[in-house]
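Below is one structure, written out as structure tokens; the observations come after it.
The values are calculated or read from the model by the stated rules, or taken from the named source; none is laboratory data. Because the structure is predicted, anything quoted here is derived from the model rather than measured. Neighbour counts are summed over all protein chains in view; Cβ atoms, including those assigned to glycine, are modelled from backbone coordinates with ideal geometry.
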Amino acid sequence: MKRTLTVLALALGLSSAAPAAAADPIKIGLLAPLTGSWASEGQEMKRNVELQTAEANARGGLLGRPVELVVEDDGGDPRTASLAAQRLTTSGVVAVIGTYGSAVTEATQNILDEAGVIQVANGSTAVRLTEKGLQHFFRTCPRDDEQGRVGASLIQKVKASRVALLHDNSAYSKGLADEIDALLKARNVNVVFFDALTPKEQDYSAILTKLKAAGPDVVFFTGYYPEAGLLLKQKRQMGWTVPFLGGDAINNPDLVKIAGKEAAQGFRFLSPPIPSDLDTPEARAYVAAYQKKYGEAPSSIYGVLAGDGFRVIARAIEATKSVKADALRDYLVGGLKDFPGYTGKISFNAKGDRVGELYRVYQVDAEGRFQLQP
Amino acid sequence: MQFFEQLVNGLAVGSIYALIALGYTMVYGVLKLINFAHGDLFTYGAYLGMTLLASLALQDRLGVGLGLLLLALMVMGLVAVIGVVLERVAYRPVRNSPRLSAVVSALGASVFLQNALMLIYGARYQVFPDLLPQTALDIFGLHVPLLRIAVVLISVAMMAVLVLFVQRTRLGAAIRATAIDPSAAQLMGIDVNRVIRLVFVIGPALGGAAGLLVGLTYGQISFTMGWIYGMKAFTAAILGGIGNIPGAMVGGLLLGVVEALGAAYLSVAWKDAIAFLVLILILIVRPSGLLGERVADKV
């Protein structure tokens with residue numbers, strides 16, 4: 001009995017001594033859709049940011065302090081997200097990475113901004129998020145108006161005279177379709193079809209039949225990859241051969257799995273460059289490290305963009321030797337120039353938007369691989 | 001021409017709704033309970049089908065036709081087992097409690113089943129192997145994929161067997177008697193618990209078969225797919241008159257066709273709104289659904 005007590009006392013003594021020895025950790029939050037219909041994107045975000053955190057700690061942490069990641073699930077739902085953001089602010093985080101959907105991010109922006117927490121969103125491309133004059137909001141993904149410009153040029157490049165635009169009624173998808181629609185109309189391109197499908201369904205034959213009846217030369221779908229895959233597959237089943245184009249929410253290898261190689265071949269979409277197309281040694285090393293830890297290469301560009309969010313925060317903390325939101329903001333806006341991200345060079349403008357031409361055009365080849373187009 | 005193509009599109013979607021709606025309506029018939037976990041049983045059918053397809057490879061050993069038939073029977077059996085366990089664990093303990101307890105229990109079961117699936121298979125979309133021919137039929141300029149027609153025929157055949165079973169066999173009579181009045185049925189010597197168990201075999205088996213059909217036809221499945229199909233099938237059951245078996249079939253097919261035609265001639269984005277508008281109009285004229293019977297209030 002006595003011995004047990006001694007052991008217990010020893011154990012208690014050790015465990016209470018441990019935190020005193022190490023410095024107070026710097027807490028960084030991650031807000032991601034770990035459950036719900038975007039769960040696959042959220043899980044990928046978590047993997048990337050956890051890998052970055054582990055690497056940062058292996059290098060000795062930030063400012064000599066270990067980094068602690070606080071992960072909150074937003075469920076892909078604005079209400080859940082606002083509660084999660086409140087929990088993050090009370091847990092004492094310096095910055096928050098995330099989140100994915102634009103409407104979800106919008107629900108958290110003011111909460112984090114008022115609490116003086118830097119937010120770096122990774123997938124929220126809606127234009128209005130950075131038009132509110134918020135001081136602490138940044139994003140590593142581009143904006144829909146830039147994507148709209150690139151999309152409209154791509155449509156003109158394929159010399160289409162009858163264009164169909166299809167969205168899925170989400171804030172992102174409709175916003176992008178509206179951008180493209182306005183640009184095409186200004187350039188006198190005939191938009192013969194503009195409508196929305198209901199996401200999460202399996203059968204899109206009714207929409208495809210109607211689309212076909214409108215007789216377009218090209219169809220631009222601004223939604224997400226699960227629906228895009230089904231559209232391509234069912235289009236092939238119908239024996240319809242019109243070319244399909246898509247936006248950056250389609251950049252996921254599962255597209256080819258869902259559609260099948262034959263149906264996906266020739267499909268073109270816009271996206272920031274995927275990690276394997278970045279010819280920097282850092283990006284290659286990162287893909288290798290990711291592969292080693294998780295047994296597969298990163299499949300979602302948004303997971304990598306979340307990882308880049310972590311890296312710009314880490315860089316800002318190290319450069320300013322501070323964890324104060326205003327100091328970090330000043331550095332991100334004024335000090336950070338052409339930071340070598342895993343998704344290309346990163347700089348921010350005063351609005352918090354990433355600057356530079358990010359979008360590339362990808363095409364699915366016969367093997368189902370995404371080929372960067374010149 | 002678009003009209004007939006859309007009609008076939010609608011019938012294919014509607015026959016899936018109808019198969020799932022049967023599960024809602026049969027459970028409601030005997031228990032006066034909406035089994036909110038039924039949509040998830042449908043998802044389990046799809047996932048079990050995918051797993052068995054990949055692990056047993058029956059289609060390679062026995063040929064596609066016989067292999068798929070055997071696979072369908074196994075999937076229906078397994079989902080039926082889940083249904084029976086669900087009834088025993090989630091519904092029987094609260095059968096005599098206020099009705100709200102059963103509804104909460106059903107919602108809880110749904111959340112549990114859905115997230116269990118996510119933990120087992122992960123959150124990513126899963127894909128069925130391409131087994132079935134993607135050919136289409138060209139008749140009189142109509143272009144109809146063969147798979148769609150097969151889905152409609154298989155569903156209608158299963159529903160016909162069910163109707164024969166319920167109308168012509170002693171067990172079917174027991175189900176009908178329990179639906180009319182459980183306590184009177186018990187007094188007449190019917191084992192009500194056995195009838196309820198039977199309903200939780202048939203409903204989930206049909207739902208599981210629908211899941212397998214969706215997986216084979218569309219290829220892509222996700223752990224949340226049961227939600228939207230469940231909602232639509234529940235709507236179809238109400239439309240046809242909840243508790244009424246032919247009503248669920250008519251409701252499902254009608255809902256599918258209204259959706260397709262609404263998408264074709266009005267607006268794709270408003271397709272669901274149009275379908276629900278039709279539901280509301282029908283319920284205003286016939287509050288108990290298309291084939292639902294008017295039951296006088298018990299005094």
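Tell me the residue from B:Leu147, B:Leu162 that is under 21 Å from the mean Cα position of the chain (by Cα), closer than 23 Å to B:Thr43 by Cβ, part of a helix (DSSP H, G or I) and more than 10 Å from chain A (Cβ to nearest Cβ), please. Being under 21 Å from the mean Cα position of the chain (by Cα), closer than 23 Å to B:Thr43 by Cβ, part of a helix (DSSP H, G or I) and more than 10 Å from chain A (Cβ to nearest Cβ) holds for just one of B:Leu147, B:Leu162, which is B:Leu162. Restricting B:Leu53, B:Leu62, B:Leu71, B:Leu78 to residues that are away from every other protein chain (no Cβ under 14 Å), without any contact (Cβ under 8 Å) to a residue 60 or more places away in the chain, of a type in the set (A, V, I, L, M, F, W, C) and surrounded by fewer than 24 Cβ atoms within 10 Å (Cβ to Cβ) narrows the list to B:Leu62.
Looking across segment A:247-283, just one residue is more than 20 Å from A:Ser40 (Cα to Cα), buried (at least 23 other Cβ atoms within 10 Å of the Cβ) and free of Cβ contacts under 8 Å to residues at least 60 places away in the same chain, and that is A:Ala263.
Selection over segment B:51-94 of residues that are acidic (Asp, Glu) and under 18 Å from the mean Cα position of the chain (by Cα) gives a count of 1.
Determine if segment A:309-319 includes at least one residue that is within 17 Å of the chain's Cα centre (by Cα) and in a loop (DSSP other than H, G, I, E, B). Show your work before the answer.
So the first thing to find is which residues in segment A:309-319 are within 17 Å of the chain's Cα centre (by Cα), and the list is A:309-313.
Subsequent filtering for residues that are in a loop (DSSP other than H, G, I, E, B) retains none.
Checked against the condition, which is being within 17 Å of the chain's Cα centre (by Cα) and in a loop (DSSP other than H, G, I, E, B), segment A:309-319 yields no hits at all.
Just checking, which of B:Ala173, B:Ala185 is surrounded by 13 or more Cβ atoms within 10 Å (Cβ to Cβ), small (Gly, Ala, Ser) and touching a helix residue (DSSP H, G or I) at 6+ places or on another chain (Cβ under 7 Å)? B:Ala185 is the lone residue from the list that is surrounded by 13 or more Cβ atoms within 10 Å (Cβ to Cβ), small (Gly, Ala, Ser) and touching a helix residue (DSSP H, G or I) at 6+ places or on another chain (Cβ under 7 Å).
Condition check ((1) closer than 27 Å to B:Asp181 by Cα; (2) modelled with pLDDT of 95 or more; (3) of a type in the set (Gly, Ala, Ser); (4) part of a helix (DSSP H, G or I)) across all residues:
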| residue | (1), (2), (3), (4) |
| --- | --- |
| B:Leu7 | no, no, no, yes |
| B:Ile20 | yes, yes, no, yes |
| B:Val27 | yes, no, no, yes |
| B:Thr43 | no, yes, no, yes |
| B:Tyr47 | no, yes, no, yes |
| B:Val75 | no, yes, no, yes |
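I need the full set of residues from segment B:151-209 which are of a type in the set (S, T, N, Q) and farther than 17 Å from B:Ala18 by Cα, in order please. First the steps, then the outcome.
Applying the first criterion (of a type in the set (S, T, N, Q)) to segment B:151-209 yields B:155, B:167, B:169, B:178, B:183, B:186, B:193.
Correct list: B:Gln167, B:Thr169, B:Thr178, B:Ser183, B:Gln186, B:Asn193.
A count restricted to segment A:212-246 and to residues that are more than 9 Å from chain B (Cβ to nearest Cβ), surrounded by 20 or more Cβ atoms within 10 Å (Cβ to Cβ) and more than 21 Å from the chain's Cα centre (by Cα) stands at 6. The criterion of being surrounded by 23 or more Cβ atoms within 10 Å (Cβ to Cβ) and touching a strand residue (DSSP E or B) at 6+ places or on another chain (Cβ under 8 Å) does not hold for B:Gly208. The single condition from (1) under 20 Å from the mean Cα position of the chain (by Cα); (2) surrounded by fewer than 20 Cβ atoms within 10 Å (Cβ to Cβ); (3) not in a helix (DSSP H, G or I) that A:Val287 fails is (3).
Return the only residue of B:Met225, B:Met231 being within 21 Å of B:Tyr91 (Cβ to Cβ) and within 14 Å of another protein chain (Cβ to nearest Cβ).
On the way: B:Met225 fails: within 21 Å of B:Tyr91 (Cβ to Cβ).
Unique residue meeting the criteria: B:Met231.
For A:Leu63, the conditions (1) away from chain B (no Cβ under 14 Å); (2) buried (at least 18 other Cβ atoms within 10 Å of the Cβ) all hold with the exception of (2). Restricting the first member to segment A:192-211 and to residues that are facing another protein chain (nearest Cβ under 7 Å), and the second to residues that are surrounded by fewer than 21 Cβ atoms within 10 Å (Cβ to Cβ) and among the basic types (Lys, Arg), the beta-carbon pairs closer than 9 Å and six or more apart or on different chains are A:Ala196/A:Lys174.
Of all the criteria given as (1) under 14 Å from A:Gln52 (Cα atoms); (2) within 20 Å of the chain's Cα centre (by Cα); (3) of a type outside the set (Phe, Trp, Tyr), the one not satisfied by A:Pro253 is (1).
Does B:Ala106 fit the bill of being surrounded by fewer than 18 Cβ atoms within 10 Å (Cβ to Cβ) and away from chain A (no Cβ under 14 Å)? Can you show your working first?
Working: surrounded by fewer than 18 Cβ atoms within 10 Å (Cβ to Cβ): no; away from chain A (no Cβ under 14 Å): yes.
For B:Ala106, the condition - surrounded by fewer than 18 Cβ atoms within 10 Å (Cβ to Cβ) and away from chain A (no Cβ under 14 Å) - is not met.
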